[in-house]
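A.B. asks: Structure below; questions to follow.
Read-outs throughout are calculated quantities, based only on the coordinates presented, and are distinct from any laboratory measurement. Since the structure is predicted, the reported quantities are computational estimates derived from the model, not experimental observations. Here the Cβ is made from the backbone with ideal geometry for all residues, glycine too, and neighbour counts use every protein chain on show.
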């Protein structure tokens with residue numbers, strides 16, 4: 001280990017396993033060390049650097065890479081297992097030269113998920129990724145390998161969605177909601193980043209301590225394309241990296257027992273459309289899954305706009321699937337607790353698992369991986385004469401592409417090379433879409449810092 005000096009910006013060290021990973025196969029180690037285009041080393045390096053800069057206030061995926069250009073990570077096969085060798089790692093991940101315990105755990109989570117996805121999911125042939133059933137099984141196996149599912153426990157996991165770029169009042173409100181949830185014995189799952197992903201976890205942590213409840217779970221689910229822009233917040237104690245945004249979204253709705261949506265930007269709109277598009281499917285008509293939109297009083301207009309857009313695009317029926325509660329954290333928690341109790345009764349009556357929502361029907365339109373190229377974005381069909389689930393899926397893809405252009409390195413490079421993505425829609429829908437996206441920009445919900453330059457045009 002490099003001798004520690006307080007003024008150093010980087011530290012080099014060898015890290016012993018922490019958490020749920022002790023050994024890897026020779027093949028896995030070789031793939032993780034392979035720096036060629038077909039290897040996993042660069043992916044491992046990017047994700048590891050995001051973990052080591054946990055708590056970063058930047059959502060520019062290039063920022064950490066530029067600040068720590070000499071950082072490297074290697075997986076070492078040892079006689080007693082594996083170790084990680086870090087070279088020129090950010091000093092913020094260390095205390096007096098020793099790596100922070102939680103950071104070390106997350107580094108091994110990164111190694112675990114990258115290796116498992118690449119070898120067991122993508123290469124082994126165990127899963128038919130061309131079918132809905134195969135994709136759902138793959139999501140299940142990734143979560144099981146990460147030990148994210150807990151059998152023999154009653155439903156208590158609340159998925160919280162919302163923006164990484166939110167104001168102080170909204171952030172404080174998410175903490176209050178998290179606190180009320182924690183007092184009622186509920187755990188938190190988010191996208192693992194800052195803002196509305198950090199706030200509920202922070203509030204729940206305090207509540208769990210006041211209730212003398214040990215073993216609180218603060219699960220962060222991310223994917224390689226977004227982790228560099230939204231590095232894990234310091235409260236996350238279980239990190240799972242899914243292969244792509246579609247499997248990340250499926251993990252949320254299969255794992256969670258209820259969903260709370262806080263104010264956010266285009267990424268939050270993507271999550272909303274994904275969820276409601278699924279719940280509108282006739283096969284899910286009787287599904288118990290409480291969904292609450294909430295924020296402080298000043299966020300009332302935000303949810304009014306979201307509600308109007310949803311009704312216009314998906315029909316009046318969509319309103320039965322969610323409840324809007326403004327400026328009342330206690331009522332949000334009470335309603336969620338009651339809703340999750342109903343989920344327990346529903347699954348018990350049908351002898352369904354508490355830890356994974358197998359009964360939820362997810363159409364292939366919502367599972368297929370969408371690569372947001374300029375051509376793919378321009379060809380999206382955005383018309384109200386489409387079946388509701390298809391329109392919801394295409395709007396989700398459009399928003400996913402904008403997220404990529406905003407914060408994902410690959411998307412940012414594409415925008416720099418070829419200009420903004422261009423979306424096409426029928427006239428009235430285009431107007432509604434323009435108003436919604438324009439409100440996100442005006443409210444500063446697209447970027448954490450600096451002036452936002454749109455990565456899309458509407459025409």
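A.B. asks: For 356, 218, what ranking results if the residue with the fewest other Cβ atoms within 10 Å of its Cβ goes first?
C.D. replies: Going from sparsest to densest Cβ surroundings: 356, 218.
A.B. asks: Points 7 angstrom from Cα along the Cβ direction at residue 144 and residue 12: gap in nanometres?
C.D. replies: That separation, rounded to one decimal, is 4.2 nm.
A.B. asks: Once every DSSP H run of n ≥ 4 in the chain is given -39500 (n - 2.57) and the sum is divided by its residues, what mean residue ellipticity at 222 nm do you get, rounded to the nearest 500 deg cm²/dmol?
C.D. replies: After summing the helix terms and dividing by the residues of the chain, the value is -13500 deg cm²/dmol.
A.B. asks: Something else now. When the Kirkwood hydrodynamic radius is evaluated over all pairs of different C-alpha atoms of the stretch 10-126, what value in angstrom, to one decimal, is obtained?
C.D. replies: 14.6
A.B. asks: Another question, if that's okay. Restricting to bridges with both residues inside the chain, how much of the DSSP beta-bridge set is antiparallel, in percent to the nearest 5?
C.D. replies: That works out to approximately 35 percent antiparallel.
A.B. asks: Taking Cα pairs under 8 Å and at least six residues apart, what relative contact order does the chain come out at, in percent?
C.D. replies: Relative contact order of the chain: 15 percent.
A.B. asks: Going by the alpha-carbon gyration tensor, a ≥ b ≥ c the square roots of its eigenvalues, is the stretch 147-349 rounded (a/c under 1.5) or, if a/c is not under 1.5, prolate (a/b greater than b/c) versus oblate?
C.D. replies: Rounded, since a/c falls under 1.5.
A.B. asks: How far is helix 409-418 tilted off the main Cα axis of the chain, in degrees rounded to 10, range 0 to 90?
C.D. replies: Roughly 70 degrees between the two axes.
A.B. asks: Taking a ≥ b ≥ c as the square roots of the Cα gyration tensor eigenvalues, with a/c under 1.5 meaning rounded and otherwise prolate when a/b beats b/c, else oblate, which class fits the stretch 88-203?
C.D. replies: Verdict is oblate for the stretch 88-203.
A.B. asks: Something else about it: Which entry is the computed percent of Cα pairs over 33 Å apart for this structure: (i) 37; (ii) 34; (iii) 44?
C.D. replies: This structure yields the entry labelled (ii).
A.B. asks: Quick check on packing: order 425-432, 113-120, 89-96, 390-397 by the mean number of other C-beta atoms within 10 Å, highest mean leading. The partial results should precede the final answer.
C.D. replies: Numbers: 425-432: 13.9, 113-120: 20.8, 89-96: 18.2, 390-397: 23.4.
Going from most to least packed, we get 390-397, 113-120, 89-96, 425-432.
A.B. asks: What is the gain in length, in nm to one decimal, between residue 427 and residue 376 on full extension, counting 0.36 nm per residue of separation less the C-alpha to C-alpha distance? If you can, show how the numbers build up before the last one.
C.D. replies: Working: separation 51, 0.36 × 51 = 18.36 nm, distance 2.00 nm.
So the extension gain works out to 16.4 nm.
A.B. asks: Using Cβ contacts closer than 10 Å as the measure, can you line up 33, 168 from fewest to most?
C.D. replies: Ascending Cβ contact count within 10 Å gives the list 168, 33.
A.B. asks: Here's a follow-up. Rounding to the nearest 10 and keeping the result within 0 to 90°, find how far the Cα-based axis of helix 132-145 lies from the longest principal axis of the chain.
C.D. replies: 40
A.B. asks: Still on this model: Under the definition of Cα pairs under 8 Å and six or more residues apart, what whole-number percent is the relative contact order of the stretch 365-458?
C.D. replies: 32
A.B. asks: Fewest first, what order do 274, 355 take by the number of other Cβ atoms within 10 Å?
C.D. replies: Least to most surrounded, the residues fall as 355, 274.
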